Amino acid sequence: MKKLLILLFAALLSVLTACGNSSDEEAGASGGEGESELSGELEFYTSQPDVDAEQLVDAFNEKYPDVDVNIFRSGTEEVISKLNAESQAGSVVADVLLLADSVTFEGLKEADMLMEYNSPEAEAIPEEFVDADGTYTGTKVMATGIVINTDEVTEAPTSWDALVSDEGSDQVVVPSPLYSGAAAYNLGIFTRSDGFGWDFYEGIKANNPMITEGNGAVIENVASGQKNYGMIVDYLVARAASDGSPVELIYPKEGVPVITEPIGITADTEEAEIAKAFVDFVLSAEGQALQAEIGYTPIREGVEAPDGLKSLDEIKTLSAPTDELYQNREADKGQFDELFSN
């Protein structure tokens, strides 16, 4: 009888232990109480507009209120310059990077400046936007198209030819690839695409364009009527149109360059666990829904694009090998600078 009671007690203890483990696993899977246990400071370098970066950090802090996230924001090319300067000084400050395009991250990867991290959330991201070595992952889909001022342009163009046509004379504004990572990516794509090449940029040059530092200045000049046509990332146009500006986004029939604004963790971070939690949040269903709410096309499967923007499967994409773009980026920028400086 005593032996039977011992066996029954052992069985009951086993069941209770299993229940306890199950509860722990469920809490971990949902990120329940464990999420708020993280604390510390995170340095976040990004090319996102200030207000978008702040919204992202605010949402992250709702889950992790004891983490202080410091934001450094500038154009991708300037962020990279700051990062390289820190590296040469022997002390990289940044923990997490969220910058324009995969070409930029390929450069960081080759310089051994990124940590390998395979986020579990990346399983819901299309494979082509996840680095095979786990050093970076795309966070959204951003196409570059044409913005027009609808008060001045009565017939919407369908082709990139609008930027090199007579109608575009003195009426075109484009971002500089010397400042904007998206513009640098676009330069590499257009100059390697059939029907474009450097002739496309020479045609823009012939129209006496305004060259701005970033895409923000492009939408300002077109929305205000200073210029009629602009080359620009899509979300800024959708956002301005929803605010009542007289602008329209055109996806030209030849196709459009697309960047994914990847995220990655620096190799020398001393806040790896916080950095991983930040990356996981950005790629999560909740983080991607926030991207759509802000006005971006999410990259995660199952999260819809906001009004006014096309989803990836609706976009005709212009592309080129990433390695070729990376190897030639500085030469392309130099040729652009020489062309538009003379």
Worksheet item: Along segment 295-304, what does the Karplus equation 6.51 cos²θ - 1.76 cosθ + 1.60 (θ = phi - 60°) give for ³J(HN,Hα), rounded to whole Hz, x for Gly and Pro?
Response: x, 9, 7, x, 9, 6, 5, x, 10, 6
Practice prompt. Scale the Cα Rg of segment 207-342 by the rule-of-thumb value 2.2 N^0.38 Å and send over the ratio, two decimals.
Written response: 1.25
Worksheet item: Long-range amide H contacts for residue 256: which residues qualify at under 5 Å (H placed 1.01 Å from N, peptide plane, sequence gap of 5 or more or a different chain)?
Response: 316, 317, 318
Worksheet entry | Derived scalar couplings ³J(HN,Hα) [segment 88-96; Karplus, 6.51 cos²θ - 1.76 cosθ + 1.60; whole Hz; x for Gly, Pro] | 5, 7, x, 8, 7, 7, 4, 9, 10
Fill in: Share of Cα-Cα pairs in segment 66-185 lying beyond 23 Å, as whole percent
49
Fill in: Virtual spin-label span in nm between residue 253 and residue 61, 7 Å along Cα→Cβ
5.0
Worksheet item: ³J(HN,Hα) across segment 172-189 via Karplus (A = 6.51, B = -1.76, C = 1.60, θ = phi - 60°), whole Hz, x for Gly/Pro?
Response: 10, 10, 9, x, 7, x, 7, 10, 8, x, 5, 5, 5, 5, 4, 4, x, 5
Discussion item. What whole-number volume per residue, in cubic angstrom, does the convex hull of the C-alpha atoms of segment 197-265 give?
Written reply: 136
Worksheet, complete the sentence: Taking Lys and Arg as +1 and Asp and Glu as -1, residues besides residue 307 with C-beta under 14 Å from its C-beta add up to -4
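If Lys and Arg each add +1 and Asp and Glu each add -1, what is the summed charge of the other residues whose beta carbon sits under 9 Å from the beta carbon of residue 104?
In short, -2.
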Item to complete: Let me have the relative contact order for the chain, percent, based on Cα pairs under 8 Å that are six or more residues apart.
Response: 23
Item to complete: Express the carbon and sulfur contribution to the solvent-accessible surface of the chain as a percent, rounded to the nearest whole number, probe 1.4 angstrom.
Response: 46
Fill in: Cubic angstrom per residue, convex hull over Cα atoms of segment 294-342
156
Discussion item. Along each principal axis of its Cα atoms, how long is the chain end to end? Whole angstroms, biggest number first, please.
Written reply: 100, 45, 34
Worksheet item: Within the set 63/140; 140/205; 205/310, which residue pairs have Cα atoms separated by over 26 Å?
Response: 140/205; 205/310
Worksheet, complete the sentence: Row for segment 122-183, column shape: gyration tensor on C-alpha, a ≥ b ≥ c, rounded if a/c < 1.5 i.e. under 1.5, prolate if a/b over b/c, else oblate; value prolate
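With both bridge residues required to lie in the chain, what share of the DSSP beta bridges run antiparallel, to the nearest 5%?
Beta bridges within the chain, antiparallel portion: roughly 55 percent.
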Discussion item. Pick from 255, 287, 244 the residue whose mean-square fluctuation is largest in a GNM of the chain, springs joining Cα atoms under 10 Å.
Written reply: 244
Worksheet item: Between residue 322 and residue 198, what is the spin-label point distance in nm, taking each point 7 Å from the Cα along the Cα→C-beta axis?
Response: 2.8
Worksheet entry | Estimated FRET transfer efficiency (residue 110, residue 224; beta-carbon r; R0 41 Å; 0.05) | 0.50
Item to complete: Report, ordered by chain and residue number, the lysines lying within cross-link reach of residue 82, taken as a straight Cα distance under 23 Å and ignoring same-chain residues fewer than 8 apart.
Response: 109, 276, 333
Discussion item. At 1.4 Å probe radius, can you tell me the per residue accessible area of the chain in Å²?
Written reply: 47
Worksheet item: Tally Lys/Arg at +1 and Asp/Glu at -1 over every other residue whose Cβ is under 15 Å from the Cβ of residue 253; what's the total?
Response: -3
Worksheet entry | Cβ-Cβ FRET estimate between residue 206 and residue 151, R0 fixed at 30 Å, reported to 0.05 | 0.75
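The values are calculated or read from the model by the stated rules, or taken from the named source; none is laboratory data. Just so it is clear, the model here is predicted, and its values are computed rather than measured. Note: ideal-geometry Cβ built from the backbone for every residue, glycine included; neighbour counts use all protein chains shown. Remember, those area values only see protein heavy atoms, side chains included, never the ligands or the DNA or RNA. Shrake-Rupley method; radii C 1.70, N 1.55, O 1.52, S 1.80 Å.
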